[in-house]
Structure formats: C-alpha cells, structure tokens
Amino acid sequence: QWYQRRVRGAVSNAAEEAIVPFLGQVMEHLKVYLTAPDTEDGIRLKTQAIDTLSVFARKIGKETFSPMAAECVQLGIANLSSADDPDLRRCIYSLFAAISSTCPEALYPCLDPIVKKMFETLDSTEGMTTEYKNDKMPRFDLDDSIEEGKGEESDDEDEVLGDYENIEGITVENGYLEEKGDALASLCELADNMATHFVPYYEETFGYGLKLVDYTAPLVRRGSILCMTHVCVALHKVINENNFQDETAMLPKLLAVCVPLVFDVARSDKDREIVCCALECINEMLKEMKGGLIAEEEYFDSLVELVKDVLQHKTACQKDSEDDSFCDDVEDDSELTTVLVDFAGSILPSLATAMGGQKFIPYFKNFLPLIVPKEGRKRSERSLAAGTLAEICQAMKESIIPFAENMYSVFMRGIKDNSDEVISNSVFGLGVLIESSGPTLTPKYPEILGILSSFLKPDGDRRTVDNVLGAVARMIQTNPTSLPLDTIFPTFVKWLPLQEDYEENITVYSSIYSLLSSNCQVAIEQLPTLIPIMITQLTNKKVDDETKAKLTEILQGVTSQYQDLTLKSITPDQAEILKQALAHVNGS
C-alpha cells in the first residue's frame, strides 16, 4: 500500500490535466487513507495522500480544483488537529500553501487557526535533545527554566550558570527541522497569495522569521530569511495593488529591520547557501520594490558595496576556512562559488532597472572591470559574465550607447569561445545590445550576420540557434531597412520554431508581426510555411501566454487578409486549433 501511494502521487504529478476525468475516483480512495488510524503505516499513507492533494492543487488548474478546494482544506484541518507526526504536519502546511496558490478564497474562513498552528510549530521545542559534557545531567529542565526564568532573578545564579556550562550542544531531529522549514515556506506562500486577508499576520510572521535567523540549522535560517523578505514584498504588493492603507507605517518599520539584516547575512555569514539565499532575496525585493527599496541612501550604498565585495570574493563565505584570510584562488571549483557570483551579478540588471539606465551609468563603469572575465577564466565564469552583461544592456536600454563599441567587442569575443554556453549567452547579449543601441551598430550588420549564420547548422547547439534567431529578430525590429530581408528571412523561417530558449519566442514572433504589419512582401511569401508553425505553437505547453496571445493576433490578421492561403496551408487538425483560438479571442 505504501508503494502504491507513492506511485499514485508520482502519477498525479506527471499526468497533470490528464488525470482530471478520474479525480472523483481518486479522491474517494484518498479519503480512505486520510481517515485511517494514526498507526505508523497510517501516518505514511496520510502523508502521501496529502502530498497528492497538493499536486492536484498546483497542477490541474483553478477551474478543475476549485470545486474540491474547500473539502481539501477541511481534510487538512481535520488531520492537523490530531497530527503528532512532524512529517504529516509539514505536508499539511504545504497543502494549504498549494491551495493558496490556486484557490486562496477556500482558506479565508479558516486562515487564523492554520496560521497559528504554523506559529506553534515555529515556537515548538519538540524533537530537541540537550547533550551534556561528561554525561552530566542537569538539575533542572532546560525548556522549563527558560520559560519560568524569564524576568526572574535566581537565588542560585552561579549554580544555574554552572548547569548551562555543562551543555555540550542541542540537537533537533531532522523531521522537526523540516517541519519548521516547511512552516516558514508555507507562511511565505500564504503571505504572497492571501493579499489583504494576510494583513493581520504580516508583522507576527516577520517576527518569527527574525527570531529564527540565527537558528543553528541552515534549513531554518534560509527559511527565516525568505520569510522576512517575502513578508516585505507581499506587503508592498498589497499596498500598491490592493489599495491597502499602511496607516501604521508597517512596511518602513519592517524594511528598517529586514534590509540591514539581510545585507549583513550576505556579507558576514560563512554558509554559502545562506548567502546565496540572501542575495536572491535582495534581488527579488529590488525587482518588486524598485526605487522604493533603494530610496534610502544608506541601503543603496550598502547594496552597491555588497555586490562589489561578492564579485571581488571578499565576503566571509569566500574566505579561506583555514587561515581566515581572503582567498587568493578565485578559481574555486565549488559550484556554490559560481552560483554566489551569479546571484550577485543578477542584482545589477535589477538595480539598473530600479535606478534608470542613465543614473546607473557611473556604477556600470565601476562594475564593468569586475564582470568582464579576464583571460584564462573557467567556462562558468565566462558564461556568467556574458549573461550578466547581456541583462544589464537590456535593463539600461538606450543608456548603453556610450558603451556600445566596448560591449560589441566583449560579445564578439564570447561568440568565438569554444563553449556552447558562452557562445549562446554572447549571441543573446549581442542581440540585446543591437536592440538597445538603435542605429549605432548598423554599420556592423554585415559582419554580425556573417558570424551568426555560421551557427545555423543541423548539428549545431540548438540553444545557440534559438539565440541567433532572437538576435536577428531584434535586428529586424531595430532597423529592417538595413537588412537583406529577401536573403535572411527565408533562412530565419526555416529554423523555426524555437526548441530550447522559449524566452526568445515573444521577440521572434513580434518581429514577424512587425514585418507583416508593414506588408513586407518577403514575409507574406513565407506565410504558407509560417502559418502551420504558428498554429502548432498554440498548443505547445512550453510556450507562454504572452507569446500565444501574439501568435493569435498574427493569425487573426493573416486569416482575415489571406483566408484562402491560410486554409490551403494547414491540415484539418490545425484548422480546428485555429478556429478555437480565434473563437476564444472573439468571445464566442
């Protein structure tokens, strides 16, 4: 049975919408397990059943899950009230988080007891074991003395201190650590998804994150950092999107604690995973709050210095653990070292967006020597440099023009690298540089096209091919009259659709839209090839909604203007897909 439950959970995860016709039957089976006695096997079955419900909540869509959401909430609450097992409790917390992402309204009536149960988990000392030196046992209960001794002076202070000195350490069973971690993660999701309904809990949730930031277990410390920053981001969204009046200035108060603390963690913590988490959280806050986060000059200066220190390998976690001096060997093979620099570098495009490209120029000048990889650097560093510079170019927009020649040289050097990853990122960078710098690089179009065309080969790296198409699309949108469209556009179409870098889809199809809108004859001649390609992408799950909307817009215009050509170019199945897409747009 245990094996069957694991298999059923895995199947539900893989099948997604395909399992919808069988939901009723599956739910009846799950209810049997969810009401089983709390034996060892019963708890395991309940845990897997709850996990399966979480998958349903996240995978089958709001329309399908909504009718069963309230029942899932009640099943979770019923099991939570009697749950003594930490694994079961954490799975239930994750279920509530999953439901909040799809049907938050199902949690409105019972949010208070759910949140307070999570707080209880964060307060709990369950699963803790105190270890003593030389097997000496204490003359008092550690937890009781902590609680009862608050605000009281002991007559036997020296004796109590002596007892504390005998403590070797405190250990916590993994199950209880994971429960705390999942409680924090679930509170993050509830803060994100419950909007104004979570307002009464923002401050207290933040307080629990703050309380656990120095916890010994990295899992809990990461959760605490996520918790504090998520609360700030969620509260910011509620204020700006839900017209919530922050009459008590809660957000500035929380930021005044959170921002310096997370900056300090990133700078001084010796655990690289914790520092990566802190840097990622800083970036997410910057993306959401933009100038609001760096309005305080102190925060801005601290952020700039922090990123600079990470790029120069000067933070505590980048020190040599043996002699506590800064690492001379910045060629550390640790994957975490690369990820750390990546997270720091990713802050710079967000900073450029938040400040505006023009204001970012002086800082870009200072960061540029730290980002461009020196000769002999390893592949991962070269790839990260190309990717980071590309994103900065994109964020700075036309403000990158003074650096266009320099950036052109950097990306062209990357395109000649021997690593597919470096080449792909450099091609993307070249494309966004062309887009951001306008006509500045037009004289270099022949050279650029010659180099890009060399990557269009059947055995070539497909991600690079997709980025080549993205770069050409940006050239088409920037300065189509400077391109030999009659030569390059048929080749461009030949390599569609994209197969790996789907983020370039919107750029590619926007360029096609612009050509068709201007009645470009070369583009019109390619419609018999383009139309079937675009229709097949409407049913591709890897294609995002924005791209599908653009495809539908193109097809609507093409069908209206070239109806006979359209019908001759597609199969009956494709005609049905097109019919449904256009009907959806027209509201029929």
* Structure fact -> Expressed in square angstrom to the nearest 10, the accessible area of D544 with a 1.4 Å probe stands at 70 Å²
* Asked: What Rg and what Dmax come out for region 200-307 when only alpha-carbon atoms are used, in angstroms?
  -> 13.4, 40
* Asked: Which sequence of S101, S81 reflects their accessible areas, 1.4 Å probe, from the largest down?
  -> S81, S101
* Take the alpha carbon gyration tensor of the chain, find the square roots of its eigenvalues, order them as a ≥ b ≥ c, and report rounded if a/c is under 1.5; if not, report prolate when a/b exceeds b/c, else oblate. => oblate
* Against the globular-protein guess of 2.2 N^0.38 Å, express the Cα radius of gyration of region 219-258 as a ratio, rounded to two decimals. => 1.26
* Magnitude of the Cβ-charge dipole of the chain, K/R +1 and D/E -1, about the Cα centre, nearest 20 debye? -> 3800 debye
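Over region 39-137, what relative contact order in percent results from Cα pairs under 8 Å that are six or more residues apart?
On the way: 64 pairs, mean separation 31.6, N = 99.
Once normalised by length, the contact order is 32 percent.
Beyond a 31 Å Cα-Cα separation, which of these cross-linked pairs lie in this structure: K62/K550; K31/K211; K270/K374?
Values: K62/K550 24 Å; K31/K211 37 Å; K270/K374 27 Å.
Result: K31/K211 exceed 31 Å.
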* Asked: Just by accessible area at a 1.4 angstrom probe, what is the order of L538, L306 from largest to smallest?
  -> L538, L306
* Structure fact -> For region 335-487, shape from the Cα gyration tensor axes a ≥ b ≥ c, cut at a/c of 1.5 then a/b versus b/c, turns out oblate
* For K579 and V522 in the same chain, what is the full-extension length gain: residue separation times 0.36 nm, less their Cα-Cα distance, in nm? -> 17.9 nm
* Quick one: accessible area per residue over the chain, 1.4 Å probe, rounded to a whole number of Å²? -> 48 Å²
* Structure fact -> If one compares the long axis through the Cα atoms of helix 379-396 with the longest principal axis of the Cα atoms of the chain, the angle in degrees, nearest 10, works out at 70 degrees
* Positive-end residue, the chain charge dipole about Cα centroid, Cβ charges, pick of H313, L107, N519 -> N519
* Expressed as a rounded percentage, what relative contact order does the chain have, with Cα pairs under 8 Å and six or more residues apart? -> 6 percent
* **Debye intensity ratio in log₁₀ form over the Cα atoms of region 444-560, taken at each q of 0.10 Å⁻¹** => -0.27
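Share of region 188-292's accessible area from carbon and sulfur, percent, 1.4 Å? List each step's numbers first, then the result.
Working: 2250 of 4410 Å².
Accessible surface attributable to carbon and sulfur in region 188-292 totals 51 percent.
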* Round to the nearest 10 and give me the degree value, 0 to 90, for the angle of helix 111-123's Cα axis relative to the longest principal axis of the chain. => 60 degrees
* Asked: What is the gain in length, in nm to one decimal, between Y299 and S453 on full extension, counting 0.36 nm per residue of separation less the C-alpha to C-alpha distance?
  -> 50.9 nm
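Based on the Cβ-Cβ distance from E28 to A70, what FRET efficiency comes out when R0 is 22 Å, to the nearest 0.05? Spell out each step's value before the answer.
Numbers: r = 17 Å, r/R0 = 0.76.
My answer for the efficiency is 0.85.
Treating only the Cβ atoms of Lys and Arg (+1) and Asp and Glu (-1) as charged, compute the dipole magnitude of region 334-475 about its Cα centre; round to the nearest 20 debye. Don't jump to the answer; show the numbers that get you there.
On the way: 15 positive and 15 negative charges, 49 e Å.
Computed charge dipole of region 334-475: roughly 240 debye.
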* H29 - accessible surface, heavy atoms, 1.4 Å probe, Å² rounded to 10 -> 100 Å²
* To do: May I ask for the angle, rounded to the nearest 10°, between helix 335-355 and the longest principal axis of the chain, with both axes built from Cα atoms and the value confined to 0 to 90°?
  => 70 degrees
* To do: Order L565, L53, most accessible first, counting only protein heavy atoms with a 1.4 angstrom probe.
  => L565, L53
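The values are calculated or read from the model by the stated rules, or taken from the named source; none is laboratory data. On a predicted model such as this, the values are computed, not experimentally measured, just so you know. Note that each Cβ is placed from the backbone with ideal geometry, even for glycine, and that neighbours are counted across all protein chains shown. Surface areas here come from the heavy atoms of the whole protein model, side chains and all, with no ligands, DNA or RNA. Shrake-Rupley method; radii C 1.70, N 1.55, O 1.52, S 1.80 Å.
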